[in-house]
Amino acid sequence: LIRGDLKTFRSAVLALPCATADDLSPVAKDGKALRRLYVLFGQLVHSWVHGHLPSWDSEEEEGPDYAWGKSKGGASERAQPPMEGGKVVVPAQLAVPFRFACEHLGLPMVLTGAGTDCWDWRLPGSTGASPEEFEATKLEQLHCVSSITGTDAERYFHMVPCAMQAAAGSILPDLLRIPEYLCSSQNYAAGAALIKCLDGMERVLRAWRVLFD
């Protein structure tokens, strides 16, 4: 609907039930559900606000017609979202769940890299996966659970950073302790820990080069 008929998309959104904070309260203590709520409603909110800007009428995923605010016929005729006082009005059907998720996750009311890169990945044939499964996963196997555009461009835009962060995750605690190691550099154990940390950084940088290739 987002890529096709925005009027139909907006009508479908307005036909959704209006959840209240009380309705959503069972989700508040479920971190996985909160993250899913944040990603899904964040995508819907951004589509509501910005969905009129790109042109989806090109047969190719990228090209002269795949541009923001342009179409084959010239300026985009896709209707802008409802406005009040020069500001976009996001309906309660989207705004209430998104705000609820943002407040309970301690995030700003905008899609972040943490959400779209790390909380929206799955393996083929699944709706989600565990960190343990990720260890043996190759980049080409990663897919977005939900996607605004449905394109490979969006998929790799989020899945490359997802794989990068997975590769670096195990060394993050040691990276934060580098100042401590340096201050105790005369201590054999601290020096050995620092060297181990630097070796880990080298492995991560090599893994990132493979991902970039």
If I compute solvent accessible area with a 1.4 Å probe over the protein chains, what percent of it on the stretch 7-57 is carbon and sulfur? 65
Using a 1.4 Å probe and ignoring any ligands, DNA or RNA, find the accessible area of V39 and quote it in Å² to the nearest 10. 0
If R0 = 35 Å, then K87 and A33, at their Cβ-Cβ distance, give a FRET efficiency to the nearest 0.05 of 0.70
How long is the gain from V210 to A153 if the chain were fully straight, where each residue apart is worth 0.36 nm and the alpha carbon distance is subtracted? 18.7 nm
What ranking, highest mean first, results for peptides 4-13, 92-101, 140-149 when packing means the other Cβ atoms within 10 Å averaged over each residue? 92-101, 140-149, 4-13
What ³J(HN,Hα) values, in whole Hz, does the Karplus curve 6.51 cos²θ - 1.76 cosθ + 1.60 give for the stretch 9-21 when θ = phi - 60°, with x put for Gly and Pro? 4, 5, 5, 5, 5, 5, 7, 5, x, 8, 6, 9, 4
Hey, if we sort L198, L107 by accessible area with the 1.4 Å probe, largest down, what's the order? L198, L107
Add +1 for every Lys or Arg and -1 for every Asp or Glu among the other residues with Cβ under 14 Å from the Cβ of S25, and state the total. -2
With a Förster radius of 41 Å, plug the Cβ-Cβ distance of C18 and S170 into 1/(1 + (r/R0)^6) and report the FRET value to the nearest 0.05. 0.45
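The values are calculated or read from the model by the stated rules, or taken from the named source; none is laboratory data. These figures come from a predicted structure and were not determined experimentally. Cβ atoms come from the backbone with ideal geometry, glycine included; neighbour counts cover every protein chain shown. Just the protein is used for accessible areas: all its heavy atoms, side chains included, with ligands, DNA and RNA removed. Shrake-Rupley method; radii C 1.70, N 1.55, O 1.52, S 1.80 Å.
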